[in-house]
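J.: Take this structure first; my questions come after.
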Amino acid sequence: MKSLWLSRTTLIWTLLVAATLISWELGHGVGFDDARAAGAAILVVTFIKVRFVVLDFMEIRTAPRWMRALLEAWIVLCASILIGLFLS
Amino acid sequence: MDRFSEYLARDVGVAKALAWSGMALVVSLVITQGFLMGFIPPPSPALSAEELAQIFIDRKIGIRIGTLIQCICYSFWGTWAISIVVCMRRMERGIPVLTYASIANAGGAWVFFLLMPITWAMIAFRPETMDPKFIQIMNDYVWFIFILSWPPFAFFMIFIAVAIFRDHNVPTIYPRWVAFFNLWCAVLISPAALIEFVKTGPFAYDGLISFWFIYIVFFGWIMVMSVCTLRALTRAAERVKAETAGNAGGVLRPAT
Amino acid sequence: MSEEAAAISSAAPSVAPSETRHVPGEGGIWVLIGGDLVLFSVLFIVFLTMRAEQLPLFEQGRAQLNQGWGLVNTLLMLSSSWFVATAIRAARLQLAGVVARCFGAALACGAGFVVVKFFEYGEKISAGLTLTTNDFFMLYFIYTGIHLIHVTIGMGVLTFLVSYSRSGGFTGDKMRNLESGASFWHLVDLLWIVLFALLYLLGGA
């Protein structure tokens, strides 16, 4: 029972909450003077969160390799396009 | 091959022809609406009535020929849908509720398909003397019929999905991913409801989501379902053959 | 293939052997998840493209959002996803009671999300901000609306899973069905994470 709650899943949840609070601060002008840099940082943090949800919550870490590769490729592609559009 | 299986083999042939008719519908759409009428994408809902009337005056011959072909080919909606319904009938035991619901739905949805070319043909009948305001209203009407009529089509997708989930055949008549594909399409065409509210942008009736995305999903769905139905019918025919060879017979008989 | 794979995995034990790798849930659910990721990718791109065209308006729109609600909803979504992931792990340990309670907790978080959205929409509409106010609020209402449809469907799935998991016996098809439902709920979470950043957080540029 203890191992159920003191687990990697719980650790990931803690990290996700921490990342949310960090990006929240970034969205309120903490850390970067430049809103463009802050925005790009927010998007990077967002897609790191997305990657944790995909790999650990959706259990893609142990899925067949092609499936993991496909989803990781989507994360990188989507993040790059959005950051590119945001900065342009 | 006994007599019953012989009839069945012919029925499968007819059902396959019906499944192909869906492909014909999509091809005719691209040719008529795309090339002959130039309505892919639609004229912007933000155009003035006079600009819109001019489009109908300039393209009236193309529109007349296009709608003539559409009246024939859009009727294929009904024939195509029935090719899926006969497969659904084989999935259901007891009371074939989803089959009946789908027949009613497909028959009703067919009206929307035919109303589009008929209305366009009416606009192109005398566009020079018609008040541009009328043309604008009628043109809006066509697109609203086309896009806002999404619910019966979504219901049909959901019926197909539920029937596949409840399919008692081993293996199932359609592979199970087809059910999820249908659910996805049903959710995806729902933003069509938004064309009521906006005249520009991605959710207007000429927009990226409400037009392009929904069009590609919807007509892509017809093509995917045509291919899946053809495969399902081929498998059914093979099973008939195999079972009559083993003298079991009647795989296409409704299950009791 | 299998002999070759076995030879490779025995030669390199640090790599998980292919038979322990498995697709979560049934293959079909990934057609739906992949399809939804495509739709939302388009929606995200549309948002930032339109934002670049009307930056001052989008900035003003973002300032009119209640960011607290957005944060609360993100935390609710993350927690519900955590409960669902834990439920799946509990199912592997055959703890039927824990599984049902975890799905129930996830469902409660989902309900909280809907309630918060209800108040948020109410606040906007009573302030005269609606779908037709401007392009920012059009996208805000439509995107969160499409997401809310997903939340509702996901809550239906979770409700089913609560009663489905009570009887225990998590093997084969039953385990696969739990994983399918869980994967869909994680998708709902994932989409909200990106929507939260785009709508509520991204500033000035």
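J.: Cα-Cα over 22 Å: which of B:16/B:241; B:60/B:133; A:49/C:124? Please report the intermediate quantities before stating the final value.
T.: Details: B:16/B:241 17 Å; B:60/B:133 17 Å; A:49/C:124 28 Å.
Exceeds cut-off: A:49/C:124.
J.: Considering the dipole of region A:2-87 built from charges on the beta carbon (Lys and Arg +1, Asp and Glu -1) around the Cα centre, which of A:26, A:50, A:84 is farthest to its positive end?
T.: Farthest towards the positive end: A:50.
J.: Right, next: Checking buried surface per residue: for region C:178-205, which residues lose a minimum of 20 Å² accessible area in the protein assembly relative to the chain alone (1.4 Å probe)?
T.: Going by heavy-atom accessible area, the residues of region C:178-205 that drop by at least 20 Å² are C:186, C:190, C:193, C:194, C:196, C:197, C:201, C:202, C:203, C:205.
J.: At what distance in nm do the modelled label points of residue C:93 and residue C:163 sit from each other, each positioned 7 Å from its Cα along Cα→Cβ?
T.: For the pair residue C:93/residue C:163, the computed spacing is 2.8 nm.
J.: At a 10 angstrom cut-off on C-beta neighbours, averaged per residue, how do the peptides C:98-111, C:59-72, B:96-109 rank from highest to lowest? Don't skip to the answer; put the middle values down first.
T.: Details: C:98-111: 22.1, C:59-72: 16.0, B:96-109: 17.5.
By packing density, highest mean first, the sequence is C:98-111, B:96-109, C:59-72.
J.: Averaged across C:110-123, how many Cβ atoms of other chains sit within 10 Å of each residue's Cβ atom?
T.: On the way: counts 0, 0, 0, 0, 0, 0, 0, 0, 0, 0, 0, 0, 0, 0.
The shielding value for this peptide is 0.
J.: Still on this model: When the chain is fully extended, how far beyond the present Cα-Cα distance does residue B:14 get from residue B:35, taking 0.36 nm per residue of separation?
T.: 4.5 nm
J.: Let me ask another. Points 7 angstrom from Cα along the Cβ direction at residue A:48 and residue B:245: gap in nanometres?
T.: That separation, rounded to one decimal, is 6.2 nm.
J.: Please give the residues of region A:43-80, grouped as numeric ranges, whose backbone N is less than 19 Å from a label point set 7 Å along the Cα-to-Cβ vector of residue C:174.
T.: none
J.: Using only the alpha carbon atoms of region C:25-201, find the Kirkwood hydrodynamic radius as the inverse mean reciprocal pair distance, in angstroms to one decimal. Spell out each step's value before the answer.
T.: Details: mean 1/r = 0.0583 Å⁻¹.
Averaging 1/r across every pair of different Cα atoms and inverting gives 17.1 Å.
J.: How big is the dipole moment of region A:2-87 about its Cα centre under a simple scheme where the beta carbon of each Lys and Arg is +1, that of each Asp and Glu is -1, and everything else is neutral? Debye, nearest 20, please. Mind showing how you got there, number by number?
T.: Working: 8 positive and 6 negative charges, 84 e Å.
My answer is approximately 400 debye.
J.: For n ≥ 4 DSSP H runs only, could you compute -39500 (n - 2.57) per run for chain B, divide by its residues and tell me the 222 nm figure to the nearest 500? Intermediate values should be presented prior to the final figure.
T.: Details: 9 runs with 171 residues, N = 256.
So the helix-based figure for chain B works out to -23000 deg cm²/dmol.
J.: Calculate, for residue B:165 and residue C:152, the FRET efficiency according to 1/(1 + (r/R0)^6) with r their C-beta to C-beta distance and R0 25 Å; round to the nearest 0.05.
T.: Details: r = 19 Å, r/R0 = 0.77.
Efficiency, rounded to the nearest 0.05: 0.85.
J.: Using 5 Å bins from zero, what percent of all Cα-Cα pairs in region B:112-191 falls into each bin?
T.: 3, 14, 17, 13, 11, 10, 9, 8, 6, 4, 3, 1, 0
J.: Let's test the formula: R0 of 60 Å, r as the Cβ-Cβ distance of residue B:238 and residue B:199. What FRET efficiency results, to the nearest 0.05?
T.: Computed FRET efficiency for residue B:238 and residue B:199 comes out at 0.70.
J.: Another question, then. Using a simple charge model, +1 on the beta-carbon of Lys and Arg, -1 on the beta-carbon of Asp and Glu, nothing else, what dipole does region C:25-201 show about its Cα centre, in debye to the nearest 20? Before the final figure, lay out each step's value.
T.: Details: 10 positive and 10 negative charges, 114 e Å.
Dipole about the Cα centre, nearest 20: 540 debye.
J.: Still on this structure: Go ahead and collect, in residue order, the members of region A:42-64 whose backbone nitrogen is under 18 Å from a label point 7 Å along the Cα-Cβ direction of residue A:7.
T.: A:52-63
J.: Let me know the charge dipole size of region B:3-242 about its Cα centre in debye, to the nearest 20, where only the beta-carbon of Lys, Arg (+1) and Asp, Glu (-1) is charged. Mind showing how you got there, number by number?
T.: Working: 18 positive and 13 negative charges, 225 e Å.
Its charge dipole is roughly 1080 debye.
J.: Which helices pass in chain A if a helix is a full DSSP H run, must span at least 30 angstrom along its long axis by Cα, and must have mean Kyte-Doolittle hydropathy not below -0.5? Intermediate results must be reported in sequence, preceding the final value.
T.: Details: long enough: A:65-87 (33 Å, 1.63).
Correct list, ordered by number: A:65-87.
J.: Rounded to the nearest 500 deg cm²/dmol, what is the calculated helix-only ellipticity per residue at 222 nm for chain A, with -39500 (n - 2.57) per DSSP H run of length n ≥ 4? Can you show the working numbers first?
T.: On the way: 4 runs with 64 residues, N = 88.
Taking each H run of at least 4 residues, the total per residue is -24000 deg cm²/dmol.
J.: I would also like to ask the following. Restricting attention to region C:120-205, which chymotrypsin sites (Phe, Trp or Tyr not before Pro) occupy a DSSP loop and are surrounded by at most 11 other Cβ atoms within 10 Å? Please report the intermediate quantities before stating the final value.
T.: On the way: sites: C:121, C:136, C:137, C:140, C:141, C:143, C:160, C:164, C:170, C:184, C:185, C:192, C:196, C:200; in loops: C:170.
When the chymotrypsin sites (Phe, Trp or Tyr not before Pro) of region C:120-205 are filtered for loop state and at most 11 Cβ neighbours within 10 Å, nothing remains.
J.: Which one of A:71, A:14, A:40 has its Cα pushed farthest toward the positive end of the charge dipole of chain A, where Lys and Arg give +1 and Asp and Glu give -1 at the Cβ?
T.: Farthest towards the positive pole: A:71.
J.: Please report, to one decimal in angstroms, the Kirkwood hydrodynamic radius of region B:3-242 built from all distinct Cα-Cα pairs. Provide the component values of the computation, followed by the final result.
T.: Working: mean 1/r = 0.0526 Å⁻¹.
Its Kirkwood hydrodynamic radius stands at 19.0 Å.
J.: Could you give the angle, 0 to 90 degrees to the nearest 10, between helix B:132-148's Cα long axis and the longest principal axis of the Cα atoms of chain B?
T.: 20
J.: While we're looking at this one, here's another question. Which one, B:237, B:173, B:160, is farthest towards the positive end of the dipole of region B:3-242 when Lys and Arg carry +1 and Asp and Glu -1 on their Cβ?
T.: B:237
J.: Could you tell me which helices of chain C pass both thresholds, a Cα extent of 20 Å or more along their own axis and a mean Kyte-Doolittle hydropathy of at least 0.0, with helices taken as whole DSSP H runs?
T.: On the way: long enough: C:27-53 (40 Å, 1.70); C:67-92 (38 Å, 0.68); C:96-126 (45 Å, 1.06); C:135-166 (46 Å, 1.17); C:172-196 (36 Å, 0.46).
The answer, listed by residue number, is C:27-53, C:67-92, C:96-126, C:135-166, C:172-196.
J.: Rg(Cα) of chain A divided by 2.2 N^0.38 Å?
T.: Values: Rg = 15.2 Å, N = 88, 2.2 N^0.38 = 12.1 Å.
Cα-based Rg divided by the globular estimate yields 1.26.
J.: Another question about this same structure. Can you give me the relative contact order of region A:2-87 as a percent, contacts being Cα pairs under 8 Å and 6 or more apart?
T.: On the way: 48 pairs, mean separation 24.0, N = 86.
Dividing the mean separation by the residue count of region A:2-87 yields 28 percent.
J.: In Å, what Kirkwood hydrodynamic radius results for the protein assembly as shown from the alpha-carbon pair distances? Let's see the in-between values first.
T.: On the way: mean 1/r = 0.0384 Å⁻¹.
Across the protein assembly as shown, the inverse of the average 1/r is 26.1 Å.
The values are calculated or read from the model by the stated rules, or taken from the named source; none is laboratory data. All figures in this text were calculated on a predicted structure; none of them were measured in a lab. Reconstructed Cβ throughout: ideal geometry from the backbone, glycine too, with neighbour counts over all protein chains shown. Surface accessibility is based on the protein's heavy atoms, side chains included, excluding ligands, DNA and RNA. Shrake-Rupley method; radii C 1.70, N 1.55, O 1.52, S 1.80 Å.
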